[in-house]
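The block underneath contains the structure these notes are about, expressed in structure tokens.
The values are calculated or read from the model by the stated rules, or taken from the named source; none is laboratory data. Computed from a predicted model, the values in this text were never measured in an experiment. Neighbour counts run over all protein chains shown; Cβ positions are idealised from the backbone, glycine included.
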Amino acid sequence: MLSPYRISYIIDFMVSHIRRIAHLDMDAFYASVELLRYPDLRGQAVVIGGGSRHTPEVGEDGQRRYAKLRDYVGRGVVTTSTYEARALGVFSAMGMMKAAKLAPDAVLLPTDFESYRHYSRLFKAAVASIAPLIEDRGIDEIYIDLTEFNDDVRVLAQRIKDAVRNATGLSCSIGIAPNKLLAKICSELEKPNGLTVITEADVAPRIWPLRASKVNGIGPKAAEKLAALGIQTIGDVAAADPALLQDNFGRTYSEWLMRASHGLDERPVVTSSETKSISRETTFERDLHAKLDRGVLTPIFTDLCVRLAGDLQRKGYVARTIGIKLRFADFRIATRDLTLPEATDDAAAIRQAAGECLRRITLDRRLRLLGVRASALSRKEDVANNPSVMQGELFSER
Ligand code: DCP
Ligand code: MG
């Protein structure tokens with residue numbers, strides 16, 4: 001039988017267009033940057049993480065002498081390692097002394113963050129020259145929204161990989177999927193130098209067999225707790241009794257777990273050029289009826305707006321657009337938003353706008369979740385210095 005999540009996905013699939021989201025992650029990033037500088041180390045087990053005392057020295061014979069892991073003494077940890085070192089069991093975050101037992105002959109190099117930042121900028125610029133909708137996720141990973149391209153997605157991804165290699169001399173792995181959650185899992189599937197494309201139909205055969213901790217958002221603690229319940233794989237999560245998950249993880253997280261395990265994720269790719277939104281949402285302890293539970297719902301709704309206003313004020317933003325999000329008992333999602341004549345960070349104004357949004361939704365089903373979102377943000381100080389931003393709509397109407 002189809003679960004509500006599956007049905008939800010199929011409906012989304014029919015009514016909305018499918019996104020194509022790429023996650024790009026550089027291969028053994030710091031180590032690969034070091035190999036550009038020391039190409040003679042290619043093919044060897046190399047560990048990054050030493051201090052500057054481990055900088056290679058050039059001997060009188062002109063040969064470089066590298067520090068070896070076996071000689072390391074101290075409490076440092078491995079920052080990253082080449083795939084050859086990984087084959088010996090040496091991974092990021094492992095104590096260096098422990099790593100030395102596994103790979104005594106591995107070369108040890110110091111970290112050089114300035115170089116890594118330089119190559120990080122280079123690879124991101126190379127991707128942006130082809131596909132500009134990029135969400136920066138840190139030094140060696142990005143999401144790219146490829147939905148609007150008509151090209152074959154593999155051809156496009158290969159073009160991006162080639163551009164990264166031309167600009168940096170480095171390889172990366174790309175995963176392409178209908179959303180960020182799956183794309184992130186997918187970029188790891190064929191590392192290094194991977195190019196993996198999955199669709200919704202691949203979730204069961206390719207994603208479900210993977211360990212639950214492969215999902216970004218299932219950390220070591222949650223994975224341990226799941227394992228204690230006999231839940232090892234993503235498929236186990238998908239097949240788990242929702243009540244069991246809810247008892248152990250609370251409603252918000254268990255609901256997310258169920259959606260994630262079915263490969264569902266609506267988060268947009270957020271580019272740094274667009275101002276982000278700020279939102280507050282809550283999943284109810286039990287499904288609430290819009291009319292019968294009005295007495296419970298109204299204060300929750302108001303409280304969300306007050307908290308959202310507090311977030312805006314603390315962060316120094318005002319918002320032109322206020323939106324709401326509802327998730328119904330059947331997991332369908334409805335959103336509405338309203339653009340105001342003036343940007344605001346005022347709880348009462350937000351509550352009023354959100355209330356107007358709510359009136360535009362037919363509330364005939366029980367609700368699981370309610371959220372309020374502020375977008376089209378500007379810095380409050382910019383608005384204060386330039387009132388036309390605040391009153392743009394009023395002026396433009398004249
Ligand atoms: N890093 C770190 N500490 C960690 C993990 C990683 O400082 N515990 C640094 C070093 C990595 C970089 O961040 O080079 C990117 O992290 P990744 O997890 O992407 O690891 P790599 O790029 O090294 O390897 P992979 O090919 O698995 O992506
Ligand atoms: Mg990486």
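For the stretch 118-143, how many residues meet the condition of being away from ligand 1 (no atom under 16 Å from the Cβ) and either of a type outside the set (Val, Ile, Thr) or within 13 Å of the chain's Cα centre (by Cα) (or both)? Please lay out each step first, then the result.
First, the residues of the stretch 118-143 that are away from ligand 1 (no atom under 16 Å from the Cβ): 125-126, 128-134.
After this cut, where a residue has to be either of a type outside the set (Val, Ile, Thr) or within 13 Å of the chain's Cα centre (by Cα) (or both) as well, the list is 125-126, 128-129, 131-134.
Matching residues across the stretch 118-143 total 8.
Looking only at residues in the stretch 107-116 that are more than 11 Å from GLY49 (Cβ to Cβ) and away from ligand 2 (no atom under 16 Å from the Cβ), the one that is surrounded by the most Cβ atoms within 10 Å (Cβ to Cβ) is VAL107.
Every residue in the stretch 111-136 that is over 20 Å from ARG20 (Cα atoms) and out of contact with any helix residue (DSSP H, G or I) (no Cβ under 6 Å at 6 or more places or on another chain), please. THR111, ASP112, PHE113, GLU114, ARG117, HIS118, SER120, ARG121, ALA125 - these are the residues of the stretch 111-136 that are over 20 Å from ARG20 (Cα atoms) and out of contact with any helix residue (DSSP H, G or I) (no Cβ under 6 Å at 6 or more places or on another chain). When every residue of the stretch 31-44 is checked against the conditions, none turns out to be closer than 24 Å to VAL127 by Cβ and in a loop (DSSP other than H, G, I, E, B).
For LEU35, the requirement of being within 24 Å of ILE142 (Cα to Cα) and more than 11 Å from ligand 1 (Cβ to nearest atom) is met. Scanning the stretch 83-101 for residues that are away from ligand 1 (no atom under 11 Å from the Cβ), in contact (Cβ under 8 Å) with a residue 24 or more places away in the chain and assigned to a helix (DSSP H, G or I) yields GLU84, MET96, MET97, ALA99, ALA100.
If the condition is being buried (at least 18 other Cβ atoms within 10 Å of the Cβ) and within 15 Å of ligand 2 (Cβ to nearest atom), then the stretch 166-190 contributes THR168, LEU170, CYS172, SER173, ILE174, GLY175, ALA183, LYS184, ILE185, CYS186, SER187.
I'd like to verify a number: residues in the stretch 88-100 that are closer than 12 Å to VAL46 by Cβ and more than 16 Å from ligand 2 (Cβ to nearest atom), how many?
Here is the first cut: in the stretch 88-100, the ones closer than 12 Å to VAL46 by Cβ are 88, 90, 99.
Within this subset, residues satisfying the condition of being more than 16 Å from ligand 2 (Cβ to nearest atom) are 88, 99.
Adding up the residues that qualify gives 2.
Going by the structure shown, is THR252 touching a strand residue (DSSP E or B) at 6+ places or on another chain (Cβ under 6 Å) and over 30 Å from PRO341 (Cα atoms)? Considered against the rule, which asks whether it is touching a strand residue (DSSP E or B) at 6+ places or on another chain (Cβ under 6 Å) and over 30 Å from PRO341 (Cα atoms), THR252 comes out as yes. Summed over the stretch 340-359, the residues that are more than 20 Å from GLU381 (Cα to Cα) and under 31 Å from the mean Cα position of the chain (by Cα) give a count of 6. Of all positions in the stretch 62-74, none carries a residue that is on the phi < 0 side of the Ramachandran plot, of a type in the set (Ser, Thr, Tyr) and loosely packed, with under 14 Cβ neighbours inside 10 Å. Within the stretch 279-328, track down each residue that is part of a strand (DSSP E or B) and of a type in the set (Phe, Trp, Tyr). Matches in the stretch 279-328: PHE284, TYR317, PHE328. Residues in the stretch 139-165 that are away from ligand 2 (no atom under 16 Å from the Cβ) and either touching a residue at least 24 places away in the same chain (Cβ under 8 Å) or crowded, with 20+ Cβ neighbours inside 10 Å (or both): how many? Matching residues across the stretch 139-165 total 11.
A quick yes/no check of all residues on (1) over 30 Å from LEU24 (Cα atoms); (2) assigned by TED's automatic domain parsing to the domain that holds GLU148; (3) not hydroxyl-bearing (Ser, Thr, Tyr):
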position	(1), (2), (3)
GLY51	no, no, yes
TYR66	yes, no, no
SER81	no, no, no
GLY95	no, no, yes
LYS98	yes, no, yes
VAL127	no, yes, yes
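In the stretch 204-223, which residues are outside any loop (DSSP other than H, G, I, E, B) and under 14 Å from ILE185 (Cα atoms)? Hits for the stretch 204-223 are ALA204, PRO205, ARG206, ILE207, ARG211, ALA212, SER213, LYS214. Of the residues that make up the stretch 187-203, is at least one part of a helix (DSSP H, G or I) and without any contact (Cβ under 8 Å) to a residue 24 or more places away in the chain? Within the stretch 187-203, one or more residues are part of a helix (DSSP H, G or I) and without any contact (Cβ under 8 Å) to a residue 24 or more places away in the chain.
With respect to the conditions (1) modelled with pLDDT under 95; (2) within 16 Å of ligand 2 (Cβ to nearest atom), GLY62 lacks only one, and its number is (2).
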